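Trainee: I have a structure here, written as structure tokens, and I will follow up with some questions on it.
The values are calculated or read from the model by the stated rules, or taken from the named source; none is laboratory data. Nothing here was measured: the structure is a model prediction, and the numbers come from that model. In this analysis, Cβ positions are derived from the backbone assuming ideal geometry, glycine residues included, and neighbour counts consider all displayed protein chains.
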């Protein structure tokens, strides 16, 4: 069977303006992969029930796009935590439980997987420090974005130089939540009520995760951009956990967002 081998990552205009060619990044879509059926395209999810050979080939293609071997593609076992880890030249392919990665080592590709949650890429070009975070509602609320920034600072980055971009994620118009969800946010900060609009269903609300994410980033002192691309609405290009749930499908794929300091 023929497969489209052309990867089609989305790029950040903010990175284009502020980061420069020494740092490569991409928010990868479903295009260019070998997976089939529910996982059609570039499914990189090791936690999915997709054919492992297909997943590994897809991950190899992502690494190759950065000019790196598969063993230099670093990802974690994402658990919706606030935890960020440092990856360096000792990286051995392990996937510890965490939701963000940071590096100052050229040639290491940092990748986070998503299927509605927010993938955020970070860069301080002057310090040559980059990061990648996976932020669903829980990670965003409990501090994964701030942890990523703090870990970058520990490697020499400065907040005022860091740029961050939120990639494809679920939009407010497709993210309905229950009253207990709203209560959890409002209990943390009464001002967070502004991120919820009334839903057509009684007792429910529509949550603006992208706007909440950008607020947390800017309040942490970095310059932030939202690509404003909804994973739920764009089935041709993106996997979506919530879309799969609504259709009662048995499983779903994951796309990857990744960043790398180019080797010297």
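Trainee: What number of residues within the stretch 213-222 are in contact with a helix residue (DSSP H, G or I) (Cβ under 7 Å, 6 or more places away or on another chain) and outside any loop (DSSP other than H, G, I, E, B)? Quick ask: steps written out before the conclusion?
Mentor: Narrowing the stretch 213-222 to residues in contact with a helix residue (DSSP H, G or I) (Cβ under 7 Å, 6 or more places away or on another chain): 213, 216-217, 220-222.
Still in the running and outside any loop (DSSP other than H, G, I, E, B): 213, 216-217.
Within the stretch 213-222, residues that are in contact with a helix residue (DSSP H, G or I) (Cβ under 7 Å, 6 or more places away or on another chain) and outside any loop (DSSP other than H, G, I, E, B) number 3.
A quick yes/no check of all residues on (1) without any contact (Cβ under 8 Å) to a residue 40 or more places away in the chain; (2) out of contact with any helix residue (DSSP H, G or I) (no Cβ under 7 Å at 6 or more places or on another chain); (3) buried (at least 21 other Cβ atoms within 10 Å of the Cβ):
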position	(1), (2), (3)
45	no, no, yes
50	no, no, yes
67	no, yes, no
70	yes, no, no
75	no, yes, yes
80	no, no, no
84	no, no, yes
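Trainee: To continue, here is another question. Which residue pairs have Cβ atoms under 8 Å apart, sit 6 or more places apart or on different chains, and have a first residue in the stretch 197-216 that is touching a residue at least 12 places away in the same chain (Cβ under 8 Å) and on the phi < 0 side of the Ramachandran plot and a second that is part of a strand (DSSP E or B) and exposed (fewer than 11 other Cβ atoms within 10 Å of the Cβ)?
Mentor: 205/198; 206/198
Trainee: Let me ask another. Output the residue which, of all residues in the stretch 8-20 that are in a loop (DSSP other than H, G, I, E, B) and modelled with pLDDT of 95 or more, is surrounded by the most Cβ atoms within 10 Å (Cβ to Cβ). Please lay out each step first, then the result.
Mentor: Keep residues of the stretch 8-20 that are in a loop (DSSP other than H, G, I, E, B), which gives 8-9, 11-12, 19-20.
Then keep just the ones that are modelled with pLDDT of 95 or more; that gives 9, 11-12, 19.
Working: 9: 20, 11: 13, 12: 23, 19: 21.
Filtering the stretch 8-20 for residues that are in a loop (DSSP other than H, G, I, E, B) and modelled with pLDDT of 95 or more, the one surrounded by the most Cβ atoms within 10 Å (Cβ to Cβ) comes out as 12.
Trainee: Within the stretch 151-179, which residues are farther than 30 Å from residue 202 by Cβ, surrounded by fewer than 22 Cβ atoms within 10 Å (Cβ to Cβ) and within 18 Å of the chain's Cα centre (by Cα)? Steps first, please.
Mentor: Filtering the stretch 151-179 for residues farther than 30 Å from residue 202 by Cβ gives 151-168.
If we keep only those that are surrounded by fewer than 22 Cβ atoms within 10 Å (Cβ to Cβ) as well, we get 153-156, 158-161, 163.
Scanning the stretch 151-179 gives a single hit, 163.
Trainee: Of the numbered conditions (1) part of a loop (DSSP other than H, G, I, E, B); (2) within 29 Å of residue 137 (Cβ to Cβ); (3) more than 14 Å from the chain's Cα centre (by Cα), residue 59 satisfies every one except a single condition; which is it?
Mentor: (1)
Trainee: Related question: Would a scan of the stretch 133-141 turn up a residue that is surrounded by fewer than 24 Cβ atoms within 10 Å (Cβ to Cβ), under 16 Å from the mean Cα position of the chain (by Cα) and closer than 20 Å to residue 27 by Cβ?
Mentor: Here is the first cut: in the stretch 133-141, the residues surrounded by fewer than 24 Cβ atoms within 10 Å (Cβ to Cβ) are 136-138, 141.
Going one step further and asking which of them are under 16 Å from the mean Cα position of the chain (by Cα), we end up with 136-138, 141.
Then drop every residue that is not closer than 20 Å to residue 27 by Cβ, which leaves 136-137.
Scanning the stretch 133-141 turns up at least one residue that is surrounded by fewer than 24 Cβ atoms within 10 Å (Cβ to Cβ), under 16 Å from the mean Cα position of the chain (by Cα) and closer than 20 Å to residue 27 by Cβ.
Trainee: Still on this structure, I have one more. Which pairs turn up if I take residues in the stretch 238-264 that are on the phi > 0 side of the Ramachandran plot and outside any loop (DSSP other than H, G, I, E, B) and look for partners that are surrounded by 15 or more Cβ atoms within 10 Å (Cβ to Cβ) and at pLDDT 95 or above with beta carbon separation below 7 Å, at least 6 apart in sequence or on another chain?
Mentor: Within 7 Å, no pair qualifies.
Okay, residues lined up against (1) modelled with pLDDT under 95; (2) under 14 Å from the mean Cα position of the chain (by Cα); (3) under 19 Å from residue 25 (Cβ atoms):
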site: 48; (1), (2), (3): no, no, no
site: 69; (1), (2), (3): no, no, yes
site: 72; (1), (2), (3): no, no, yes
site: 75; (1), (2), (3): no, yes, yes
site: 80; (1), (2), (3): no, yes, no
site: 86; (1), (2), (3): no, no, yes
site: 103; (1), (2), (3): no, no, yes
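Trainee: Could I ask something else about it? Is it the case, given these coordinates, that residue 126 is on the phi < 0 side of the Ramachandran plot, outside any strand (DSSP E or B), surrounded by fewer than 24 Cβ atoms within 10 Å (Cβ to Cβ) and in contact with a helix residue (DSSP H, G or I) (Cβ under 7 Å, 6 or more places away or on another chain)? Lay out the reasoning, then the answer.
Mentor: Values: on the phi < 0 side of the Ramachandran plot: yes; outside any strand (DSSP E or B): yes; surrounded by fewer than 24 Cβ atoms within 10 Å (Cβ to Cβ): yes; in contact with a helix residue (DSSP H, G or I) (Cβ under 7 Å, 6 or more places away or on another chain): yes.
So residue 126 passes the test.
Trainee: Out of all the residues in the stretch 30-54, which are touching a strand residue (DSSP E or B) at 6+ places or on another chain (Cβ under 9 Å), under 14 Å from residue 115 (Cβ atoms) and not in a loop (DSSP other than H, G, I, E, B)?
Mentor: 35, 41
Trainee: A further question follows. Which of the residues belonging to the stretch 152-188 are under 18 Å from residue 217 (Cα atoms) and not in a helix (DSSP H, G or I)?
Mentor: 157, 158, 162, 163, 164, 165, 166, 167, 168, 169, 170, 171
Trainee: Continuing with this model, one more query. Which of the residues spanning the stretch 129-151 are in a helix (DSSP H, G or I), within 20 Å of residue 18 (Cβ to Cβ) and in contact with a helix residue (DSSP H, G or I) (Cβ under 6 Å, 6 or more places away or on another chain)?
Mentor: 145
Here's the yes/no breakdown for (1) touching a helix residue (DSSP H, G or I) at 6+ places or on another chain (Cβ under 8 Å); (2) modelled with pLDDT under 95:
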position: 182; (1), (2): yes, no
position: 185; (1), (2): yes, no
position: 194; (1), (2): no, no
position: 203; (1), (2): yes, yes
position: 211; (1), (2): yes, no
position: 233; (1), (2): yes, no
position: 251; (1), (2): yes, no
position: 258; (1), (2): yes, no
